[in-house]
Amino acid sequence: MSSGIPLRKRLLVRLMITSVLIALCSVAATAWLAVQTTTRAIQEEQGQVLADDTDILRQLSGYAATHPSWAGVQDTVRRLSAATGRRIALTTADRTPIADSAKSRTALPPGAAATVDPLHTDTYAEPGAQLSGVDPRAVGPYRLTPLERARLGKLATLRQKCAARNGVDTTITWTPSGRPVLSDENGILPNSTVPDVCADGQLNTLTHTEETALARLTSLVEACLRRENVAVPAKGFLSLEFSSQAPQPQFALGGKGLDGHPTALAAKGDGHPTALAAKGNECVAEARREQLDPDVAPVAELFLGTGDSALPHFDMSNANKAKIVGVTGLVLALTVAVTALVATRLVRPLRALTQAAQQPLEQHARVPVTTRDETGILALAFNELTERRERMEAQRKAMVSDIAHELRTPLTNIRGWLEVTRDGIVDPDPELLASLHEEAVLLQRVIDDLQDLAAADAGTLALHREAVRADELLEQVVAAHRVGAEAAGIGLRTGTDGTSAPTGSGTAWIDADPVRMRQALGNLVSNAIRHTPDGGTITLSARKEEDQVVLEVADTGSGISAEDLPSVFDRFWRAEKSRSRRTGGSGLGLSIVRQLVAAHGGTVAVASELGAGSLFTLRLPATDPPVDADELR
């Protein structure tokens, strides 16, 4: 049935296409999400690793800047390893272990991640380190005593209050050396910003500790200048500049020399101020590292790995989790929407079929056909079934009425004659008894016909099949009806092909019940006799066509109109509604013919034209002749 449906409109194809589209969308969304999430996660992981590495280096550099040796750094290393999930190892330049977070002493990476040297650092993790190359937490001899810190803290508080009274908001920041400095939202508060009433100069005055350290630094710078053949200036060419990081020694080219001239600091051979300043700053940096060296830990190599596990630490961020949930929800929503749309279009005709099937039988609901797929074909079949049910219902009502009519007439006649005979009005003479017998025979014939039809409808019609020659079957039918035909002035003959042929392919044989087939052909002949005028002819013929035997009953009677041909085999149908049952039969003969032929696996058809007669054609399966067919002939 579905062979005529275009491939793209078939229900199976549409379902498969929908499933493939949903699968493709899901796979594409999943792949895109995986790529995006993985890329973002890798970027975030790389950024986190870089931040962790920088923080590790910053904290270890701070430890080295505040401790004269690496003793006790093991706890710090383990703490940093636990926080970052990285293996952290410190060694000397010749890879002698200092500290290692790994429990098992596995091989170190081939190259160090960084060198931990607070006196030569380029890290940007600690503000101020990149300006001098020295970790600002390395203060060494510049670290103030507790008493000095307390005194400077009180001075900073007084200056802060004074500035606040004059409309300047400041905060106190403590440097690694323990010196407090005032700063505002823009940073360190310069002296020019401090109100005059608050600028007493006491907060920026060097303490004894700072003076001692600066004096030691000055002697180191002088020694450097002498090595560089630079005239040593008078005292005052070094000063301390205070910031939120640490005191920064400054080389002052403008300091007064022995003769008081600004260029008293002169190199032998070239006294250019710029060259002098550069040479002085180099000596200050060298002297400062020499001064701080005893108070910081020695240089160490930093190695970073993946910890005790072979896999790096990975943790998906909340943003990536939210993206996964969002995309998953979007794909799910699209899948549900597409599925709902397709399912609605597919289920709508089925729902209409269900509603129509649930309607009462008398409404005979129809279903609109909106598609050309299997569902549309099902709707067409349902509508055709509804129409057939309507016709069958109409035929059933008509049949009940016709049966009642057919039975009522003979029963009424029999009852009437019996009642008048009982009352003594009419004597039960032979003529009356013959009339009653005729009515009983008619009644019996109707009942027998109904019984045959009921058995055929129920599939319980008993057939006693045997091999039957078609020509002999026709001769028997003609012989049984010859007297009635001659009485009506009608010629009855046979025109069988192959009746005189010897045994072979020319003789037609059928596997049938001879009694039932004579009944079917007899009904056709009886019907033809009733509708053929005096002088007409009725011809019975048989022929073999491939694997079928064709039996034909042709007459030259009144014929049937084209509009009545579809109803010829309906029960109780008569071509002339006014014809009585005595002249027109019971109206069941042709119905019985169709049922008997169908029980034998054959078909029956009719062709007719008004005034030209009718032709009934029976097609039955052919069979092989019996083994003793020659003896039978």
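Screening VAL139 with (1) touching a helix residue (DSSP H, G or I) at 6+ places or on another chain (Cβ under 9 Å); (2) free of Cβ contacts under 8 Å to residues at least 60 places away in the same chain; (3) not hydroxyl-bearing (Ser, Thr, Tyr) gives one miss only, at (2). On inspection, GLU384 qualifies as more than 23 Å from VAL593 (Cα to Cα) and at pLDDT 80 or above. Candidates ARG143, ARG151, ARG105: the one that is modelled with pLDDT of 85 or more, open to solvent by 70 Å² or more (accessible area, probe 1.4 Å) and either over 16 Å from GLN202 (Cα atoms) or in contact with a strand residue (DSSP E or B) (Cβ under 6 Å, 6 or more places away or on another chain) (or both) is ARG143. From the list ALA93, ALA89, ALA83, ALA99, the lone residue that is modelled with pLDDT of 85 or more, in contact with a helix residue (DSSP H, G or I) (Cβ under 7 Å, 6 or more places away or on another chain) and small (Gly, Ala, Ser) is ALA99.
If you check PRO312, PRO298 for being at pLDDT 75 or above and assigned to a loop (DSSP other than H, G, I, E, B), only one passes: PRO298.
Which members of the stretch 76-93 meet the condition of being closer than 15 Å to ALA297 by Cβ and exposed (fewer than 13 other Cβ atoms within 10 Å of the Cβ)?
ALA93
Looking at the stretch 398-409, is at least one residue more than 47 Å from the chain's Cα centre (by Cα), closer than 30 Å to GLN355 by Cα, at pLDDT below 75 and not basic (Lys, Arg)? Yes.
Tallying residues that are surrounded by 16 or more Cβ atoms within 10 Å (Cβ to Cβ) and closer than 25 Å to PHE569 by Cα within the stretch 341-394 yields 3. For the stretch 161-175, the criterion of being surrounded by 19 or more Cβ atoms within 10 Å (Cβ to Cβ) and either under 60 Å from the mean Cα position of the chain (by Cα) or over 13 Å from GLU210 (Cβ atoms) (or both) is satisfied by at least one residue. Comparison of ARG79, ARG87 shows that the only residue that is closer than 30 Å to SER177 by Cα and basic (Lys, Arg) is ARG79.
The values are calculated or read from the model by the stated rules, or taken from the named source; none is laboratory data. The structure presented is a predicted model; accordingly, all values stated were derived computationally and were not measured. Glycine also receives a Cβ, built like all others from the backbone with ideal geometry; neighbour counts cover every protein chain displayed. Please note that ligands, DNA and RNA were not included when accessible areas were found on the heavy atoms of the full protein model with its side chains. Shrake-Rupley method; radii C 1.70, N 1.55, O 1.52, S 1.80 Å.
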